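The values are calculated or read from the model by the stated rules, or taken from the named source; none is laboratory data. Source: prediction; values computed, not measured. Neighbour counts are summed over all protein chains in view; Cβ atoms, including those assigned to glycine, are modelled from backbone coordinates with ideal geometry.
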Amino acid sequence: MESTTSRDGTTIAFDATGSGPTLVLVGGALSERKAAAGLAAALAPHFRAVSYDRRGRGDSADTQPYAVERELEDLTAVIAANGGEPAFVYGKSSGGALALAGAAAGLPIRSLAILEPPFRAEGAPVLPADYVETLRRLVVAGRSSEVLEYFMTVAVGLPAAAIEQSKQQPFWTAMETLSPTLIYDGLVLGDNRLPLATLANVAIPALVIDSTGSAPWLRATAAAIAAGMPNARHMSLDGGFHDVSPEILAPVLTEFFMDATVSGSNNQQQPTTSSS
């Protein structure tokens, strides 16, 4: 484990493996950096793959008050601690939404790949207007299991039987520890509608991925996100619900980011002409 310090003094923990251009992996809801270990290992032959604990998770601190801008500063600090040059970024789920916000805000990101940021395109299930406030109320009351149940029912759409099954698994306790950060994910997603102004401001090369095993609304939203950016393409990969295995995902990310590396190198080496 390594760490860096964000602008507000928050310690942000990260792991780095491999060598080459820096590729930062931004996790989604209820995930810590270790969740990306398999993907990082698969990317390591071509990149310095960096996975980090977003604030409030794992070994990272959780300085209050929270704001999405603080998370953008965290991502900037992680990039700075890993070579300091503009980095490639891959974001999953709400981590993809955070990466989109960072790219639109001008963070040092060379190109961007995201998997199913759970915004709600037209036709998607609508979240309650008080979704984040309900999460906050349950967190303040210390009802961590109910926080998870509410998230999984309302945001993910899991049936009650599946949630009850999950509650019997060892990972439920670990997720309870992370449950307060669901508020942060909710704030990153804003009103949950497609962030059209944000998308229009992401001019860097972007790849938007969906999984064939995901809900139709997530897949449709991924396509709509790609259509809203000036330099993006959309791709569907074989996978499970809201997830694609490292074996399938890593080669696609490698090709996308390596193409960006070659293109950037060629642009830098373009000869200049002058008239005399």
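Quick notes
- Residue-level check: of (1) more than 27 Å from S179 (Cα to Cα); (2) surrounded by fewer than 16 Cβ atoms within 10 Å (Cβ to Cβ), P21 misses just (2).
- Filtered residues of the range 194-213 (kept if polar (S, T, N, Q), assigned to a loop (DSSP other than H, G, I, E, B) and over 22 Å from G106 (Cα atoms)): T212
- Cβ pairs under 9 Å, 6+ apart, first in the range 26-38 and buried (at least 23 other Cβ atoms within 10 Å of the Cβ) and basic (K, R), second at pLDDT 95 or above and in a helix (DSSP H, G or I): R33/A40
- One residue stands out in the range 149-164 among those that are small (G, A, S) and closer than 15 Å to P125 by Cα: the one that is farthest from the chain's Cα centre (by Cα), namely G157.
- Filter result for G96 (within 18 Å of A215 (Cβ to Cβ), crowded, with 24+ Cβ neighbours inside 10 Å and not aliphatic (A, V, I, L, M)): yes
- Exactly one residue among T153, T63, T173 is of a type in the set (S, T, N, Q) and assigned by TED's automatic domain parsing to the domain that holds S6, and that residue is T63.
- Criterion violated by T254 - all others in (1) farther than 20 Å from L43 by Cα; (2) in contact with a helix residue (DSSP H, G or I) (Cβ under 9 Å, 6 or more places away or on another chain); (3) of a type in the set (V, I, T); (4) assigned by TED's automatic domain parsing to the domain that holds S111 satisfied: (1)
- The listed residue being crowded, with 19+ Cβ neighbours inside 10 Å, assigned by TED's automatic domain parsing to the domain that holds R55 and under 20 Å from K92 (Cα atoms), out of A222, A203, A227, A215: A222
- When the helices (runs of 4 or more DSSP H) confined to the range 115-193 are screened for residues that are touching a residue at least 24 places away in the same chain (Cβ under 8 Å) and buried (at least 17 other Cβ atoms within 10 Å of the Cβ), those reaching at least 2 such residues are found at 131-140, 144-150, 171-178, 182-188.
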